[in-house]
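Below: one structure, written as structure tokens.
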């Protein structure tokens, strides 16, 4: 089976002292001629519209730099075929009618798609969605925050067909209006699809409405969210226990019971992933990665990394995952 590597590449063009959002590219270089970028905060692409007959690129077989940290909210709709991903150390298999949603900050380790797959991909700044006054926007944001990572939904044939119909209408409309109104067409598309997504969540019985999370599960979700946020600075179990207002001993007992692994191991796995992202990018030296992850010195970082990955940071930077085999 021919596999196309599917890459989402970030171009950080933002100043840390401004609210300018990252500009991103979807697909391989060169990007497809039909990818739609809206005010540099949203980019949408697909390989299914008839009008793209001369350019079906949304991916191409090239060597990718994985893992990579994705700093935008991502939606992937699999209209046909299949897509395989590994996100935040978890495998996802998408097939016809599957709908994947992911909050910013997740780490992608693998993205592969069948050559015959047809998909729609949307990357959007969550701050942009957060400005929506619609209840469905807030409901979806809250629901995603309570998931243990990216979430997959399976649409009915009718739901998927309706989503594709709305998407095609949006693309046709955005192509026909003056460019200063393209953002308005995007907002209209989002406002039509968000209630559909929330309704699907309710139909599948995945809604939190009327459901009270157990105290232990609530703590687990908080811990996992905190690890993604703070692991580049904090590696002690005591820090995360304190954020849950629990003693380290009781906190460790709950996490081990619920996750099947010690909290220290969860923290270490996330720290190593963060390190791999920076090393594989080749934008940072080993010393710089050590500093960014708040290690006291590079020697300690190298020992920490090698004990988990099975190779030195420099070897990983040169050879990627092959160095760990």
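No lab work stands behind these numbers, since they all come straight from the coordinates. This is a predicted model, so every value here is computed, not measured. Please note: Cβ atoms are built from the backbone with ideal geometry, for glycine as well, and neighbour counts cover all protein chains shown.
Quick look at the numbers
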| quantity | calculated |
| --- | --- |
| Additional length obtainable on full extension of the chain from residue 291 to residue 161, 0.36 nm per residue less Cα span | 41.9 nm |
| Gyration tensor (alpha-carbon) shape descriptor, region 169-325, a/c threshold 1.5 | oblate |
| Two-site FRET efficiency, residue 96 against residue 183, from Cβ-Cβ distance with R₀ of 30 Å, rounded to 0.05 | 0.45 |
